[in-house]
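> This structure is in structure tokens; I'll ask about it shortly.
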């Protein structure tokens, strides 16, 4: 058992926050729970008086947010008391479905609703479980219980994210290079941060409420240099020491340009790290594959001391050759690093300037500064342990991940971190859930070819290495045609148009989704998504308010707000910090009359469908329940009972659900190895994706058999820059600008605008509902600040206000937040701003053949619109 | 004597509006009235254009024009320098706003809640603190100060850009900050003697231990 | 101590504003989120009307007493003037009363609590005393109350009238000081503002006298009073125009907020109200008409009289628009 | 390497009963969700030589079950894919280290780990 710690002693608070904790408050009743206004899930204390929520403050005991809260979290009260909140099950009476089509709801009883759902579930399970599609979001507990259907009845479709780009390469690349789940910057020691297409540490990303203060301390106290590479002059660019406006869809060129300056011009790279801990030294033949030892089939490296080739796990392996060319087994071979150097040599800064519009001199200077700031070879002693010290990080996420060639854009950027060896070390690029010591041990291990594979705890995905041999698809998301992708549900609406074309004999007949706006934010061209939803016989939605997705539901079930819900969630830890923690979400006030706990609703469905026992069996595994807390078949449990068993199974009898309800969070100390696991991981990190050669060829064969012609240029072991379609359209003058979506710190997801406080802010801050258009472009179109304009793309058209500014790239239109709603249940949001996804062309040509990420470059034309507001 | 001061670090502030909504959550201010705001400004030409964020709130001046201008004596300066409004006396002339160079006080004229005429339970609980037709403004969360707790905006600020403390106590957090950082007071030339300090520039502390 | 129990205040408020239907406004401030120069909108038309009518009424009663003593005005004109002036004073009080906060307005007596520090407190006292005095002074002209010792011409009467003169002048000056004493709005923070308000108040007051004379003593009285007054009116128009020009020139070279205010009234949103309302309507047209009158080319008779009444009306409109535009162009400096 | 005999066959052919000889042991494999769908049934008993690891179990499953099962659950070298969770008597074999350990019989459950996509 570790030593338990009072949360507030974790990281000393720069501002004394006495008395905010529940235990210290005398008379008031501050209920500790978790905020669900976004996925960061900060811990909060909710003040309840006379059964009503009257205040929400941050919980200082939580390392996740240390007593802080953001604007979205603070506005949560107004979502909880939302006047348009649903409290009765509804059934659609208007068979016609479509955008702005009134479903003509009628109220029905819970029994009627559950019976209808159970009947369809039985039919679908008997005929073909693949006809069932599940969509869950935010509430992890409910996602697990609804997701149990996937393990019980066998449907392969369980979509747990919303946006069409989310988790597409960020998780895969984190698994490959860090063994963890998503990235954080070690702001405590970092001295040089480049944010490419992300506002990490300033305005967005997980861990907002500890990343922002730590980044501020780094920027202001230690003078950390912040460079922001982004088409939009957003909040991050505003705080940056340097803002490099970049043309969208050219991130790979920027990354390759940085690599060229580092590897070929300045020759700054961590040779020792590359040799020992990556496949940089693996020898590659002319066919792009490793040269392997005939007997052990293990990849060979060239030992400079002995002048011979040895396998990566050969104890006698001495100095590894990273560069040059060698003759092994009668063929000329090169180390993978040599191939990487040759590839990046094709991207000198002058060539990169032509692609990205970033001046060559500026790119060269930034790359050199980054390389020198890495202090390659330096070490630092923390808690008596000497660790490598690489105080630099190139952080990327949403921007580069949202393109047709998402893999190459993001892989090129990540290699900048790998070549300077700043992964999971003080000052560098870290990843959550890489190494866990308690309560269950989960460490990355050595897998095939000596490469690293993530520990079980974080490994929730299909991995990019070694990947799966391609096969003829048996699923509507064509998962078998994406050998290295983590998940590919972005294809489902596209394939559902004509399943036979892919040899598929089923279509989705039943869909169950939780509150989340999958239609408005899930894919691209909203019409394509709506057509798919319309083809589904029974769509069941759990809702807090009727949003655009619910307007296509057949049955809508009222769902408690996050202040009325319980969830055990999972353990977590802030990268680089000396503690880990487990925080829960608990009900603070009575549920609105008529609203039931969704997990218990699904238990009713399972019971009536006769699969409850099987569900309990699966949940025993998924929730990691241990005897004597296993769910027994034949019995029926409430959610609270399950929560108690979960808590005791994981943390022991004295930490049951009652303990967590009282304290809200359990915090315990952890060692340096878990904080900075970088050099303690035995498996190697790839800089050369050798398995892409085989996976690409296998896929080519299968596609050939199926008569499909996909361009497999992306299956290249080395990163390259390939233009998005909009890049060419812009060059040929067919479009005025590329529309880019960016985030504002006070808006998250569609539920933001339906919140009156956030909506009021958006009305007063013009960039919220207006779109950013550069002064030069506006001038050409005769548009003045505040004018109403028409924004048009091949699939969508929208009328909104222009915010003429210098803070955006001249060939880019910046579209913020999640606006453009039309649902009846969101009166506050209707007709404000534009729904970005509705402007995006959708289809196989617009999705990454490696990761299935959707291209978020919107090809736009813009002109002034006569007349005032709509 | 204590004098409550407030510091706003313009370098740390990331313009996330958390303080603005935290103030609303704590005090339940009605529509269109914000006791704290983060003002945005754009300067310069592409590509060197730059946006800035400036949190503003009542500066609880030591020589407050609002207290002098108010005909009813509703604006009162507490012993610790915090300027509060005695709403049972205010008649709504808004002389306070005319005299305030920082455009701070607002008047609550009733009107519907955030979801229309019918108020939510939260609004009912909070609006009962305000008398219709009277002036209202940031009161430094004095109920929290009296409990020894930080103001809601300071507690919520994700960037730790806001801080407070007793200006008369050399050891208070704010005085320590003021010694370390360059700072200025808003519109000092107007003679209001504001107790808000804006911190600017980089602190430039020592690089963390490197061997 | 509560001057006014809430329930009573609410009932009175419903009676006072209930007929106005649903109130949609939320607070009366423009809490914007841009770091620019806020423009005041919490002192609207009612305050402008109060400053105009209070100021002009003060000027009017001042000149009426003085000219009565100088024999220019007949007793009937003076009496009529006294009562009409009183009615207009009450009207201005209603306007400022309506400006006060809903429900809170019924505790208006609290406004007397801080005379030592607050200009409005002093103003409220001045105007209260002024209106009371004018009421008292006017009482003897009420049929049946002629016996009162301070009728027109008596020593006590003159004493009271002297007091009225003092308070009237005090109020006219106060109406300028109430906005010029604070440095928050640069455009208002100038010594010329009280001078301007005094000038326009006397112009408005003086120009109204012939009309009152016509009402009280008929056309000939108007022409007779007019002959004495129109040249002074002309001089006042010129004087006010000069002061106005000086004021704007000063402001247009002062700090940025002041320059923005000048821009608003000369070229911006308030251009029509200022150039049209104040300059053309308030000064030019009356100047032309009065000049024609003084050089005798208008002749006599009701036609000319009506034209002159029109000119007087224009002067009053100009007086209102002056206060209105100066208030509307109240631009604050940046908060930081 | 591999197994001499199998007691169960995919097409539900006659199951051999009787005690396993001492050189091998019986293990009950419970398939869940999609693995169950592809393998065509929920439970099967496999007889493995003593000292067999999960790898041996996986290749035996590959041989016994429908090829579609192998394509989803197994890698090219016949190992279980990383997104397949292995539970031995109710406890998840935490990481790859746990997999090479020799099995000693009892209940083994295989199921697809829910793919959590993220934000």
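The values are calculated or read from the model by the stated rules, or taken from the named source; none is laboratory data. Keep in mind the model is a prediction, meaning the values are calculated, not measured. Because the Cβ atoms are built from the backbone with ideal geometry, glycine has one as well, and the counts that use them run over all protein chains shown.
> Mind listing whichever residues of region C:64-87 are in a loop (DSSP other than H, G, I, E, B) and in contact with a helix residue (DSSP H, G or I) (Cβ under 8 Å, 6 or more places away or on another chain)? Step through it out loud before you land on a result.
Here is the first cut: in region C:64-87, the residues in a loop (DSSP other than H, G, I, E, B) are C:70-74.
Scanning region C:64-87 gives C:72, C:73, C:74.
> Anything in region A:36-65 that is more than 9 Å from every other protein chain (Cβ to nearest Cβ) and farther than 27 Å from residue A:825 by Cβ? List them, or say none.
A:43, A:45, A:47, A:59, A:61, A:62, A:63, A:64
> Please verify whether residue A:494 is surrounded by fewer than 20 Cβ atoms within 10 Å (Cβ to Cβ) and at pLDDT 95 or above, treating the condition exactly as stated. Spell out how you get there, then give the answer.
Values: surrounded by fewer than 20 Cβ atoms within 10 Å (Cβ to Cβ): no; at pLDDT 95 or above: yes.
No; evaluated as a whole, the condition is false for this residue.
> Oh, and also: Given the criteria without any contact (Cβ under 8 Å) to a residue 12 or more places away in the chain and facing chain B (nearest Cβ under 9 Å), does residue C:36 qualify? Walk me through it before giving the result.
Values: without any contact (Cβ under 8 Å) to a residue 12 or more places away in the chain: no; facing chain B (nearest Cβ under 9 Å): yes.
When the stated conditions are applied, residue C:36 does not pass them.
> Only residues that are away from chain C (no Cβ under 12 Å) and within 30 Å of residue A:80 (Cα to Cα): list them for region B:81-126, please. Even if it seems obvious, please write down each step before you answer.
Taking region B:81-126 and keeping what is away from chain C (no Cβ under 12 Å), we get B:81-84, B:115, B:118-126.
Listed by number, the residues that qualify are B:115, B:118, B:119, B:120, B:121, B:122, B:123, B:124, B:125, B:126.
> Among the residues that make up region A:418-425, is at least one of them out of contact with any helix residue (DSSP H, G or I) (no Cβ under 8 Å at 6 or more places or on another chain) and either within 20 Å of residue A:714 (Cα to Cα) or not in a loop (DSSP other than H, G, I, E, B) (or both)? Explain how you work it out, then say what you get.
Of all residues in region A:418-425, those out of contact with any helix residue (DSSP H, G or I) (no Cβ under 8 Å at 6 or more places or on another chain) come to A:422.
Now drop any that are not either within 20 Å of residue A:714 (Cα to Cα) or not in a loop (DSSP other than H, G, I, E, B) (or both), which leaves none.
For region A:418-425, residues out of contact with any helix residue (DSSP H, G or I) (no Cβ under 8 Å at 6 or more places or on another chain) and either within 20 Å of residue A:714 (Cα to Cα) or not in a loop (DSSP other than H, G, I, E, B) (or both): absent.
So that you can scan it fast, the table gives a plain yes or no per residue for (1) more than 18 Å from residue C:180 (Cβ to Cβ); (2) part of a helix (DSSP H, G or I):
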{"position": "C:228", "(1), (2)": "yes, yes"}
{"position": "C:232", "(1), (2)": "yes, yes"}
{"position": "C:238", "(1), (2)": "yes, yes"}
{"position": "C:242", "(1), (2)": "yes, yes"}
{"position": "C:251", "(1), (2)": "no, yes"}
{"position": "C:261", "(1), (2)": "no, yes"}
{"position": "C:268", "(1), (2)": "yes, no"}
{"position": "C:277", "(1), (2)": "yes, yes"}
{"position": "C:309", "(1), (2)": "yes, yes"}
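> Looking only at region A:492-505, count how many residues are over 20 Å from residue A:522 (Cα atoms) and part of a helix (DSSP H, G or I).
Number of matching residues: 4.
> Every residue in region A:520-539 that is assigned to a strand (DSSP E or B) and either on the phi > 0 side of the Ramachandran plot or surrounded by fewer than 22 Cβ atoms within 10 Å (Cβ to Cβ) (or both), please. Talk me through it step by step, then tell me what you get.
We begin by selecting, within region A:520-539, every residue assigned to a strand (DSSP E or B); these are A:538-539.
Within region A:520-539, A:538 is the sole residue that qualifies.
> Okay, next question. Could you say whether any residue in region A:506-519 is closer than 27 Å to residue A:78 by Cβ, in contact with a strand residue (DSSP E or B) (Cβ under 7 Å, 6 or more places away or on another chain) and not in a loop (DSSP other than H, G, I, E, B)?
Looking through region A:506-519, at least one residue is closer than 27 Å to residue A:78 by Cβ, in contact with a strand residue (DSSP E or B) (Cβ under 7 Å, 6 or more places away or on another chain) and not in a loop (DSSP other than H, G, I, E, B).
> Among all residue pairs at least 6 apart or on different chains, which show Cβ distances below 6 Å where the first residue, located in region A:291-306, is surrounded by fewer than 18 Cβ atoms within 10 Å (Cβ to Cβ) and the second is outside any strand (DSSP E or B)?
Taking only residues 6 or more apart or on different chains, the pairs are A:304/A:319; A:304/A:321; A:305/A:318; A:305/A:319.
> So which residues in region B:53-77 are at positive phi and at the interface with another protein chain (Cβ under 10 Å from one of its Cβ atoms), if there are any at all?
Within region B:53-77, the subset at positive phi is B:60, B:73.
Of everything in region B:53-77, just one residue is at positive phi and at the interface with another protein chain (Cβ under 10 Å from one of its Cβ atoms), namely B:73.
> Has region A:386-394 got any residue that is at pLDDT 95 or above, surrounded by fewer than 24 Cβ atoms within 10 Å (Cβ to Cβ) and closer than 26 Å to residue A:454 by Cβ?
Within region A:386-394, the subset at pLDDT 95 or above is A:386-394.
Right, trim to surrounded by fewer than 24 Cβ atoms within 10 Å (Cβ to Cβ) and you get A:386-387.
Filter again for closer than 26 Å to residue A:454 by Cβ, leaving A:386-387.
Among the residues of region A:386-394, at least one is at pLDDT 95 or above, surrounded by fewer than 24 Cβ atoms within 10 Å (Cβ to Cβ) and closer than 26 Å to residue A:454 by Cβ, which makes the answer yes.
> So which residues in region A:620-638 are within 17 Å of residue A:598 (Cβ to Cβ) and surrounded by fewer than 20 Cβ atoms within 10 Å (Cβ to Cβ), if there are any at all?
First, pick out the residues of region A:620-638 that are within 17 Å of residue A:598 (Cβ to Cβ): A:622-623, A:636-638.
If the condition is that a residue be within 17 Å of residue A:598 (Cβ to Cβ) and surrounded by fewer than 20 Cβ atoms within 10 Å (Cβ to Cβ), then A:622, A:636, A:637, A:638 are the ones that fit.
> Still on this structure, I have one more. When you check residue C:200 against the structure, is it part of a helix (DSSP H, G or I) and either under 17 Å from residue C:241 (Cα atoms) or within 12 Å of the chain's Cα centre (by Cα) (or both), yes or no? Show your work before the answer.
Numbers: part of a helix (DSSP H, G or I): yes; either under 17 Å from residue C:241 (Cα atoms) or within 12 Å of the chain's Cα centre (by Cα) (or both): yes.
For residue C:200, the condition - part of a helix (DSSP H, G or I) and either under 17 Å from residue C:241 (Cα atoms) or within 12 Å of the chain's Cα centre (by Cα) (or both) - is met.
> Now for a different question. Within region A:777-788, can one find any residue that is crowded, with 23+ Cβ neighbours inside 10 Å, assigned to a loop (DSSP other than H, G, I, E, B) and within 14 Å of another protein chain (Cβ to nearest Cβ)?
No, there is no match, as no residue in region A:777-788 is crowded, with 23+ Cβ neighbours inside 10 Å, assigned to a loop (DSSP other than H, G, I, E, B) and within 14 Å of another protein chain (Cβ to nearest Cβ).
> Scan region C:257-277 and give yes if some residue there is surrounded by fewer than 23 Cβ atoms within 10 Å (Cβ to Cβ), under 21 Å from the mean Cα position of the chain (by Cα) and under 30 Å from residue C:74 (Cβ atoms), otherwise no.
no
> Answer yes or no as to whether residue A:817 is surrounded by fewer than 24 Cβ atoms within 10 Å (Cβ to Cβ), modelled with pLDDT under 95 and out of contact with any strand residue (DSSP E or B) (no Cβ under 6 Å at 6 or more places or on another chain). Don't jump to the end; show me each part of the working.
Details: surrounded by fewer than 24 Cβ atoms within 10 Å (Cβ to Cβ): no; modelled with pLDDT under 95: yes; out of contact with any strand residue (DSSP E or B) (no Cβ under 6 Å at 6 or more places or on another chain): yes.
Answer is no for this residue.
> Let me ask another. Only residues that are in contact (Cβ under 8 Å) with a residue 40 or more places away in the chain, closer than 18 Å to residue C:87 by Cβ and buried (at least 18 other Cβ atoms within 10 Å of the Cβ): list them for region C:100-137, please.
C:127, C:130, C:131, C:134, C:137
> Just wondering, is there one or more residues in region B:13-34 that are over 13 Å from the mean Cα position of the chain (by Cα), under 23 Å from residue B:190 (Cα atoms) and free of Cβ contacts under 8 Å to residues at least 60 places away in the same chain?
No.
Quick grid of which residues meet (1) at pLDDT 70 or above; (2) in a helix (DSSP H, G or I); (3) at the interface with chain A (Cβ under 9 Å from one of its Cβ atoms):
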| site | (1), (2), (3) |
| --- | --- |
| D:61 | yes, yes, no |
| D:87 | yes, no, yes |
| D:102 | yes, no, no |
| D:108 | yes, no, no |
| D:114 | no, no, yes |
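> Determine if region A:414-435 includes at least one residue that is more than 30 Å from residue A:293 (Cβ to Cβ) and surrounded by fewer than 22 Cβ atoms within 10 Å (Cβ to Cβ).
Looking for residues that are more than 30 Å from residue A:293 (Cβ to Cβ) and surrounded by fewer than 22 Cβ atoms within 10 Å (Cβ to Cβ), one finds at least one in region A:414-435, hence yes.
> Could I ask something else about it? Considering only region A:390-417, state which residues are assigned to a helix (DSSP H, G or I) and either over 16 Å from residue A:182 (Cα atoms) or out of contact with any strand residue (DSSP E or B) (no Cβ under 9 Å at 6 or more places or on another chain) (or both). Break it down stepwise before answering.
Kept after step one, since they are assigned to a helix (DSSP H, G or I), are these residues of region A:390-417: A:398-401, A:406-417.
Within region A:390-417, A:401, A:406, A:407, A:408, A:409, A:411, A:412, A:415, A:416 qualify.
> Tell me the residue from A:457, A:487, A:461 that is within 10 Å of another protein chain (Cβ to nearest Cβ), part of a loop (DSSP other than H, G, I, E, B) and either free of Cβ contacts under 8 Å to residues at least 40 places away in the same chain or touching a strand residue (DSSP E or B) at 6+ places or on another chain (Cβ under 7 Å) (or both), please. If you could, list the steps in order and put the result at the bottom.
Working: A:487 fails: either free of Cβ contacts under 8 Å to residues at least 40 places away in the same chain or touching a strand residue (DSSP E or B) at 6+ places or on another chain (Cβ under 7 Å) (or both); A:461 fails: either free of Cβ contacts under 8 Å to residues at least 40 places away in the same chain or touching a strand residue (DSSP E or B) at 6+ places or on another chain (Cβ under 7 Å) (or both).
Going through A:457, A:487, A:461 in turn, just one is within 10 Å of another protein chain (Cβ to nearest Cβ), part of a loop (DSSP other than H, G, I, E, B) and either free of Cβ contacts under 8 Å to residues at least 40 places away in the same chain or touching a strand residue (DSSP E or B) at 6+ places or on another chain (Cβ under 7 Å) (or both): A:457.
> Can you tell which of A:386, A:372, A:342, A:353 is part of a helix (DSSP H, G or I) and within 30 Å of residue A:578 (Cα to Cα)?
On the way: A:386 fails: part of a helix (DSSP H, G or I); A:342 fails: within 30 Å of residue A:578 (Cα to Cα); A:353 fails: within 30 Å of residue A:578 (Cα to Cα).
Going through A:386, A:372, A:342, A:353 in turn, just one is part of a helix (DSSP H, G or I) and within 30 Å of residue A:578 (Cα to Cα): A:372.
> Same structure, new question: Do we have any residue at all in region A:245-260 that's under 16 Å from residue A:358 (Cβ atoms), assigned to a loop (DSSP other than H, G, I, E, B) and out of contact with any strand residue (DSSP E or B) (no Cβ under 9 Å at 6 or more places or on another chain)?
So the first thing to find is which residues in region A:245-260 are under 16 Å from residue A:358 (Cβ atoms), and the list is A:245-260.
Subset that is assigned to a loop (DSSP other than H, G, I, E, B): A:245-250.
This time we only want the ones that are out of contact with any strand residue (DSSP E or B) (no Cβ under 9 Å at 6 or more places or on another chain), so: A:250.
Among the residues of region A:245-260, at least one is under 16 Å from residue A:358 (Cβ atoms), assigned to a loop (DSSP other than H, G, I, E, B) and out of contact with any strand residue (DSSP E or B) (no Cβ under 9 Å at 6 or more places or on another chain), which makes the answer yes.
> How many residues does region C:89-122 contain that are within 16 Å of the chain's Cα centre (by Cα) and at the interface with chain B (Cβ under 8 Å from one of its Cβ atoms)?
Taking region C:89-122 and keeping what is within 16 Å of the chain's Cα centre (by Cα), we get C:89-97, C:99, C:120.
Keeping just the survivors that are at the interface with chain B (Cβ under 8 Å from one of its Cβ atoms) gives C:99, C:120.
Count: 2.
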